[in-house]
1. Over the alpha-carbon set of the range 16-153, work out the extent along each principal axis and list the three values in angstrom, largest first.
2. Rounded to whole Hz and in sequence order, give me ³J(HN,Hα) for the range 28-36 from the Karplus expression 6.51 cos²θ - 1.76 cosθ + 1.60, θ = phi - 60°, writing x for Gly and Pro.
3. Where Lys and Arg each count +1 and Asp and Glu each count -1, what net charge lies around Gly33 among other residues with Cβ under 13 Å from its Cβ?
4. Which ³J(HN,Hα) values in Hz, rounded to whole numbers, follow from the phi angles of the range 70-78 under the Karplus curve 6.51 cos²θ - 1.76 cosθ + 1.60, where θ = phi - 60° and Gly and Pro get x?
5. Report the net charge of residues surrounding Tyr63, where surrounding means a beta-carbon distance below 13 angstrom and charges are Lys +1, Arg +1, Asp -1, Glu -1.
6. Which whole-Hz couplings ³J(HN,Hα) result when phi for each residue of the range 150-156 is put into the Karplus expression 6.51 cos²θ - 1.76 cosθ + 1.60, θ = phi - 60°, listed in order with x for Gly and Pro?
Amino acid sequence: MRGRLDWKRGRWNINTETTLLHRGLRGWQRATGDSITYFRWQYGDSEMHPVYDEAVGVGRQFYAPWQLPALHVNHAETGNSEPRDSGLYIVDSLHVTCEFDQLAKTGLTDINIKHGAYQRDRIAYDNLLFAVKQVDIRGQIRRRDVIVTIDAEQIRDDELVNDPQFAAYLRDFSRNPE
C-alpha cells in the first residue's frame, strides 16, 4: 500500500466521486426522469385513536408537500379494483427510484429509513394517493447512500374519510365531507 503514488493525495477522493455521481444522476433525472409529491407525517400534531389507529379530531397531519425528483417511477395499475366477495380489493402499486440527496430534502434521513419512520408518509402520483410501504437503499459508495427505492400502495377512498388534507385525491366525491 505504501508504494502507491496516490495513497495520501490525488485527484480522486470520496467527495469528488459522490459529487460527480450526483451531478450525473441529476442530469439523467432532468432528461428522462419524473417527479412525485411527497408528504411527511407529523407525529406530534396528529390525533389518532389509541386503539383503532384511525384519525380523530384534527386527524392525521402532514408536512407541506415536496415535489421530489425521481429517476424513474413505475405505476402498476390494477385491472379490477372492485371489492371482492371476501371484502378485499386490489390496489395500484408504485415503485419510485430516486437519489438519496433529493429524498433527504424531505427530512427522511438514513436513521429514519432504518427505523421505519416513513411508514405513515404519503405519495401523490397520477392524481392518486399512495401509502409508503418500504424504503430501501439500493446504492452506496463507502457507506454514503446514493440510490433509494420507495414502494407504495394506493390508498382507497374509504381509508381517506378522516383525512381532509387529501380530499382532492378522492375518486368518489360523495365521501368528501365538504
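Each reported figure results from applying straightforward, stated rules to the coordinates on display, with no laboratory input. No experiment lies behind these values; they were computed from the predicted model shown. Here the Cβ is made from the backbone with ideal geometry for all residues, glycine too, and neighbour counts use every protein chain on show.
1. Extents along the principal axes, in whole Å: 53, 38, 23.
2. 4, 5, 5, 7, 10, x, 9, 8, 10
3. Numbers: positive: Arg26, Arg30; negative: Asp34, Glu99.
Local charge sum for Gly33: 0.
4. 10, 6, 7, 10, 10, 9, 8, 8, 8
5. Around Tyr63, the charge tally is +3.
6. Values, residue by residue: 10, 10, 9, 10, 5, 9, 7 Hz.
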